[in-house]
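**Student:** Below are the structure tokens for one structure; questions will follow.
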Amino acid sequence: MTKILLVDDHSDIRRLIRITLGKSYEVLEAEDGVTGLEIARRQKPDLVVLDIMMPGDLDGLQVLDAIKAEPELINTRVIMVTALGREHDYEAGMARGADAYFTKPFSPLQILACIKETLAKCNNHETRD
């Protein structure tokens, strides 16, 4: 089953996305960057939905950098979902390797569509290699 890791300090955001995903995915959750990165390293999710502003030692951009730097996680897709909506915030996330960037408030159905599209692209790419 496809694994998706939700990393956001707001439990209501994680719950909303988890409910929207339904039973089609194995959903893992973390409320801060350090825990999110630990879970990513241990569970190797297919996709991470990642907030930027979180408490603790690692923010979402630092987690994104770590995911993209680790050979075992290099194929993990990352969708940023954050309150930081300025153009330079978007550019920073995309330049660091995010696959998509959504600002809060967001449409859960748009997130779901993006997750499906991102995973489909990934699977199509793998079958051609």
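**Student:** Yes or no: the range 72-92 includes at least one residue that is modelled with pLDDT of 90 or more, acidic (D, E) and in a loop (DSSP other than H, G, I, E, B).
**Tutor:** No, there is no match, as no residue in the range 72-92 is modelled with pLDDT of 90 or more, acidic (D, E) and in a loop (DSSP other than H, G, I, E, B).
**Student:** Restricting to the range 15-38, what's the tally of residues that are among the hydrophobic types (A, V, I, L, M, F, W, C), modelled with pLDDT of 95 or more and closer than 21 Å to C114 by Cβ?
**Tutor:** Total meeting the criteria: 3.
**Student:** I need a count of the residues in the range 96-124 that are open to solvent by less than 90 Å² (accessible area, probe 1.4 Å) and either in contact (Cβ under 8 Å) with a residue 12 or more places away in the chain or over 14 Å from N75 (Cα atoms) (or both).
**Tutor:** Count: 19.
**Student:** Within the range 65-84, can one find any residue that is touching a Gly at 6+ places or on another chain (Cβ under 8 Å), over 17 Å from M1 (Cβ atoms) and among the basic types (K, R)?
**Tutor:** Within the range 65-84, one or more residues are touching a Gly at 6+ places or on another chain (Cβ under 8 Å), over 17 Å from M1 (Cβ atoms) and among the basic types (K, R).
**Student:** Scanning the range 66-89 for residues that are more than 18 Å from F102 (Cα to Cα) and touching a residue at least 12 places away in the same chain (Cβ under 8 Å), which turns out surrounded by the most Cβ atoms within 10 Å (Cβ to Cβ)?
**Tutor:** Filtering first and then ranking leaves I67.
**Student:** Within the range 10-25, restricting attention to residues that are out of contact with any strand residue (DSSP E or B) (no Cβ under 7 Å at 6 or more places or on another chain) and assigned to a helix (DSSP H, G or I), which residue is nearest to G56 (Cα to Cα)?
**Tutor:** My answer is S11.
**Student:** Identify the residue in the range 1-59 that is hydroxyl-bearing (S, T, Y) and under 15 Å from V81 (Cα atoms) and, among all such residues, is least open to solvent (accessible area, probe 1.4 Å).
**Tutor:** My answer is T20.
**Student:** Restricting to the range 11-28, name every residue that is under 17 Å from I52 (Cβ atoms) and in contact with a Lys or Arg (Cβ under 9 Å, 6 or more places away or on another chain).
**Tutor:** Hit for the range 11-28 is I13, nothing else.
The values are calculated or read from the model by the stated rules, or taken from the named source; none is laboratory data. Remember, predicted model here, so these are calculated numbers, not experimental data. Every residue, glycine as well, gets a Cβ built from its backbone with ideal geometry; the counts of neighbours run over all protein chains shown. Remember, those area values only see protein heavy atoms, side chains included, never the ligands or the DNA or RNA. Shrake-Rupley method; radii C 1.70, N 1.55, O 1.52, S 1.80 Å.
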